[in-house]
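Asker: Sharing a structure with you now.
The values are calculated or read from the model by the stated rules, or taken from the named source; none is laboratory data. Note that this is a predicted model, so its numbers are computed, not measured. A quick note on method: Cβ atoms are made from the backbone with ideal geometry, for glycine too, and the neighbour counts reach across all protein chains shown.
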Amino acid sequence: MTVNPNVYVLGARPEVDLTFTDLAGVAFIPSLTRLSIKRPDGVITTFSGGDLTLASGYQYLLYQPPTIGWYEYEGWGRDGTGRETAATNGFEVVDRVY
C-alpha cells in the first residue's frame, strides 16, 4: 500500500512544519515567523509567533482543515540579520467513507 503524505482525511489535524536553513544548509530558528494557509475557497488565514509550536530545529502548527479540497501554505521567516526566506507547499483533504 502506498500512502501519500500530502493527503489527509477530513477531521484529521495535519502538522504543518516550517524548517528554515541558511545559505550553507544549516537549520536556524527565525526571529520572526509567519505561516499563511489558503483554503480551497480562497480564504487565507495567517498564523505567527505564539500560534506556532517550537520543536527541535523547526516550528509547526497542528491545523484543522474545515473542508475537503486543496490547501496551499507558505512559511516565511526572518533571521537576526534581516535575511528572509519563504517556501510554498500544499496538501489535499479528502472525505473517505469505508
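Asker: State the number of residues belonging to the stretch 69-98 that are of a type outside the set (Lys, Arg), surrounded by 11 or more Cβ atoms within 10 Å (Cβ to Cβ) and in a loop (DSSP other than H, G, I, E, B).
Answerer: Matching residues across the stretch 69-98 total 1.
Asker: While we're here: Considering only the stretch 72-83, state which residues are small (Gly, Ala, Ser), in contact (Cβ under 8 Å) with a residue 12 or more places away in the chain and more than 15 Å from residue 18 (Cβ to Cβ). Please lay out each step first, then the result.
Answerer: Start the filter on the stretch 72-83 by keeping residues that are small (Gly, Ala, Ser), which leaves 75, 77, 80, 82.
Then keep just the ones that are in contact (Cβ under 8 Å) with a residue 12 or more places away in the chain; that gives 75, 77, 80.
The answer is 80, and nothing else.
Asker: Against the conditions (1) at pLDDT below 90; (2) in contact with an Asp or Glu (Cβ under 8 Å, 6 or more places away or on another chain), where does residue 71 fall short? Just the number, please.
Answerer: Just one mismatch for residue 71, condition (1).
Asker: Where in the stretch 8-68 are there strands (runs of 3 or more DSSP E), lying fully within it, with 2 or more residues that are farther than 28 Å from residue 94 by Cα, in contact with a Pro (Cβ under 9 Å, 6 or more places away or on another chain) and modelled with pLDDT under 90? Don't jump to the end; show me each part of the working.
Answerer: On the way: elements: 15-18, 32-38, 44-48, 59-62.
It comes to none.
Asker: Which one of these is more than 11 Å from the chain's Cα centre (by Cα) and either polar (S, T, N, Q) or over 23 Å from residue 5 (Cβ atoms) (or both): 88, 21, 46?
Answerer: 21
Asker: Is at least one residue of the stretch 50-71 touching a residue at least 60 places away in the same chain (Cβ under 8 Å), under 25 Å from residue 96 (Cα atoms) and of a type in the set (Phe, Trp, Tyr)?
Answerer: Taking the stretch 50-71 and keeping what is touching a residue at least 60 places away in the same chain (Cβ under 8 Å), we get none.
The answer is no, given that none of the residues of the stretch 50-71 is touching a residue at least 60 places away in the same chain (Cβ under 8 Å), under 25 Å from residue 96 (Cα atoms) and of a type in the set (Phe, Trp, Tyr).
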